[in-house]
Amino acid sequence: TVSVLYCTQKNTRQMQVLKTVGGGIARFIPISYNTNLNVDEVYRCIVQDKPKVVLMESFCTPDKYVTTGNVVEYGKEVKEKLGAVVEREDVRRGWSGELVGVASAAREDVDVWFCDRLHTVSFNRYLERVEEGRIVVDLMKIIDTLKDAEDKELNVSKQIPELWSERHAVMSSIIYRAAETEADVLALLGTHHAEALINGWPPSPISLESFLTDHPFTPSLPLPALNKRLALAAFLSTTLAYHPSLVLDPSDLPPDLQAHASKVYTSYRNIFRKRMEENLPGSQTDNLHDSREAAMAKLAKRLPPALGLTAIPRLTQQD
């Protein structure tokens, strides 16, 4: 059963309510990680409708380990510092939907659950599936999608099932189960993820445990497996899609592999950089940077600035 409550902002759904077979309610509000899209709707839903659980795909708890489908412990500082001011509209305007969600949940003593899969697990699963002889070809094809992209931006997640459809299966399963057991829950997801889950509701049953099976990096990996990781890390660094450390941290490599890794990584970087330059028109090739931070700074120039979850440590330490 689907009930659209209201729709504005160029057809971006502000909230949608979906039901489970057992009568549980799952409210979906599409949000942004770095803009204030739907922040007032997030605050009002949590404060007025009082869902039992808020489910999110992101978290920021530097000193705590987070697992899929479980509570994210933000601590009393979030309630004391952020929960105390989130009721102010001027404050919410400077925060992202995710940050408003965490602060509002803390204010109302509502548990926040992590409903996504860790990116490291998704990348590990992709590397386990793809063959060494195919990975560069597959990644080049993703870069080639720039030719037809209207905004000349690369959406890597949509091109890799482990980062898209598999994650959606995990999210849907956890949100559905939460709605069945907790009766009334709120899911705060990025706009594209929210749209996919809403359109695919109710989710097909899955073995959640099998979707969370990891294939982590070990220093004793055979060279073909290591080369795959180096290729993917070089791709992520070149395209700025994700931080390459999600795939491989150079400090994890034993000394006898450092020289090999540096040579292979540099070779792949050059290959992917050349392909990027072929697919980006004219002067845009000058805007390639070596860090995700540079890309985010560029993005901030054309989007309304809003603090995201990464601001929590700083905000909670302010007097």
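The values are calculated or read from the model by the stated rules, or taken from the named source; none is laboratory data. These numbers come from a predicted model, not from an experiment. Quick reminder, even Gly has a Cβ in these numbers, built from the backbone with ideal geometry, and neighbours come from all protein chains shown. The area values use the complete protein model at the heavy-atom level, side chains included, leaving out ligands, DNA and RNA. Shrake-Rupley method; radii C 1.70, N 1.55, O 1.52, S 1.80 Å.
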Could you please find all residues in segment 93-117 being buried (at least 22 other Cβ atoms within 10 Å of the Cβ) and either free of Cβ contacts under 8 Å to residues at least 12 places away in the same chain or over 21 Å from the mean Cα position of the chain (by Cα) (or both)? A106
Go through segment 10-106 and tell me which strands (runs of 3 or more DSSP E), entirely inside it, have 1 or more residues that are over 30 Å from D214 (Cβ atoms). 12-19, 25-31
Please go through (1) more than 27 Å from E277 (Cα to Cα); (2) open to solvent by 30 Å² or more (accessible area, probe 1.4 Å); (3) touching a residue at least 40 places away in the same chain (Cβ under 8 Å) for S207 and return the number of the only condition it doesn't satisfy. (3)
Residue satisfying all of: in segment 118-171; closer than 30 Å to V71 by Cα, among the aliphatic types (A, V, I, L, M) and open to solvent by less than 40 Å² (accessible area, probe 1.4 Å); modelled with the lowest pLDDT among these: V156
In segment 16-51, residues that are of a type in the set (G, A, S) and open to solvent by 10 Å² or more (accessible area, probe 1.4 Å) total 3
Collect the residues in segment 75-92 that are touching a helix residue (DSSP H, G or I) at 6+ places or on another chain (Cβ under 6 Å) and either in contact (Cβ under 8 Å) with a residue 40 or more places away in the chain or open to solvent by 70 Å² or more (accessible area, probe 1.4 Å) (or both), keeping them in residue-number order. E77, V78, K79, K81, L82, V86, R92
